[in-house]
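The values are calculated or read from the model by the stated rules, or taken from the named source; none is laboratory data. Treat the numbers as computed from the prediction; the structure is a model and nothing was measured. Here the Cβ positions follow ideal geometry from the backbone for every residue, glycine too, while neighbour counts run over all protein chains shown. Side chains are part of the model used for accessible areas, which takes the heavy atoms of the whole protein and leaves out ligands, DNA and RNA. Shrake-Rupley method; radii C 1.70, N 1.55, O 1.52, S 1.80 Å.
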Amino acid sequence: MDKNSKICVIYGGMSAEREVSLKSGKNMADALLKNFPNVSLIDADFSLAEKLASLKPDLCVIALHGTYGEDGCVQGMLEMMGIPYTGAGVAASAVAFDKLLAKHTFIDYGLPTPKYTILKEDDKQPPFMPCVVKPARQGSSIGITIVKDIKDYAAAVEEAFKYDSKVLCEEFIEGKELTIPVMDMQAFPPIWIRPKKGFYNYENKYTAGMTEYLLDTGLSSSRLKSLKKLAVKAYSVCGCRSMARIDIIATDRKFYVIEVNTVPGMTATSLVPKSASKLGISFEDIVKRIAESASLDNK
């Protein structure tokens, strides 16, 4: 990538994760400006194509989270405009963002993942207890409830359907919540996510001090090797490229793949920069590497 390349960071957007995206995009643009003089920010709305046609960027850095940004919509538009972009392509973005499609992919390729079922709005009896009720197409733990008492189930279903017409109920797995960034088939150091109360919901994710992020996962070297191998496989079977982040639950005996995030957050509390720092990679450098990975889906 040429030093004078015109880079556009697409951020903000129209999803429930807009505020997080604004922070991610600003952080990434500030980091890029240390290496590239021609960096601009575009807040994504329905005039995004018009804005891009006017700016004529050489590449786009996608810092959009959630609907329209992480689900393949923006990626498809950029493909049609012939503008290289960061992150997963159209199909991989759509598969990873939709938790049901991701489940099918994990199961088809033999990756361990919790049992699940698709819910209807009038479902009153949980198929598993305890369980996790979640919208299929949301991120940042929005609309997710861990149900440990059957009396809370109906409210959890109602809450999830506020955010999506497709809702999953998943078997709750008690264990360590781990996340592993993967870039170009290389697994970064995993992080153990340990909220100080409750589970890793939106508040605990984005409020400083609410969650501990431990680079010491307590796993043996052999289990750590297996964990990284599983993360890379999840990245691969979903068709990811550039940077993605894989969420996995570890029990004493087994790992379970939960989710693949194709546009990981880049805020002050985000996990990719923390993991990269253990490898001696600064925030500025990891953002530069992400930008340099920009391409079209068929390249």
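Can you pull out the residues in the range 38-47 that are modelled with pLDDT of 95 or more and of a type outside the set (Gly, Ala, Ser)? Those that are modelled with pLDDT of 95 or more and of a type outside the set (Gly, Ala, Ser): ASN38, VAL39, LEU41, ILE42, ASP43.
Check whether at least one residue in the range 262-270 is surrounded by fewer than 23 Cβ atoms within 10 Å (Cβ to Cβ), within 17 Å of SER21 (Cβ to Cβ) and hydrophobic (A, V, I, L, M, F, W, C), and report yes or no. Within the range 262-270, one or more residues are surrounded by fewer than 23 Cβ atoms within 10 Å (Cβ to Cβ), within 17 Å of SER21 (Cβ to Cβ) and hydrophobic (A, V, I, L, M, F, W, C). Of the residues making up the range 1-13, those that are open to solvent by 30 Å² or more (accessible area, probe 1.4 Å) and in contact with a strand residue (DSSP E or B) (Cβ under 9 Å, 6 or more places away or on another chain) are MET1, LYS6, TYR11.
Sub-6 Å Cβ pairs linking a first residue in the range 138-157 that is in a helix (DSSP H, G or I) to a second residue that is open to solvent by 20 Å² or more (accessible area, probe 1.4 Å), at least 6 apart or interchain, are TYR153/PRO126; ALA154/LYS124; ALA156/THR145; VAL157/ASP123, ordered by first then second residue. Scan the range 267-299 residue by residue and report those that are under 19 Å from ALA29 (Cβ atoms), modelled with pLDDT of 90 or more and part of a loop (DSSP other than H, G, I, E, B). Across the range 267-299, the qualifying residues are ILE281, SER282, SER293, ALA294. When GLU170, GLU177, GLU121 are screened for being more than 18 Å from the chain's Cα centre (by Cα), of a type in the set (D, E, K, R) and either under 27 Å from ILE62 (Cα atoms) or not in a strand (DSSP E or B) (or both), only GLU121 passes. On inspection, ALA276 qualifies as more than 26 Å from TYR68 (Cα to Cα), among the hydrophobic types (A, V, I, L, M, F, W, C) and open to solvent by less than 20 Å² (accessible area, probe 1.4 Å). A count restricted to the range 14-25 and to residues that are among the small types (Gly, Ala, Ser) and open to solvent by 10 Å² or more (accessible area, probe 1.4 Å) stands at 2.
State which residue is nearest to the chain's Cα centre (by Cα) when the search covers only the range 43-85 and only residues that are among the aliphatic types (A, V, I, L, M) and open to solvent by 30 Å² or more (accessible area, probe 1.4 Å). I'd like the intermediate steps shown before the answer.
Quick first cut of the range 43-85, residues among the aliphatic types (A, V, I, L, M) only: 44, 48-49, 52-53, 55, 59, 61-64, 74, 77-78, 80-81, 83.
From what's left, open to solvent by 30 Å² or more (accessible area, probe 1.4 Å): 49, 53, 55, 77, 80-81.
Details: ALA49: 24, ALA53: 28, LEU55: 28, MET77: 20, MET80: 24, MET81: 25 Å.
Once the filter is applied, the top-ranked residue is MET77.
Exactly one condition in (1) farther than 27 Å from LEU64 by Cβ; (2) touching a residue at least 40 places away in the same chain (Cβ under 8 Å) is not met by GLY110; state its number. Exception for GLY110: condition (2). Restricting the first member to the range 11-24 and to residues that are more than 17 Å from THR86 (Cα to Cα), and the second to residues that are polar (S, T, N, Q) and open to solvent by less than 50 Å² (accessible area, probe 1.4 Å), the beta-carbon pairs closer than 7 Å and six or more apart or on different chains are SER15/THR67; ALA16/GLN138; GLU17/SER140; VAL20/SER140; VAL20/THR267; LYS23/THR267.
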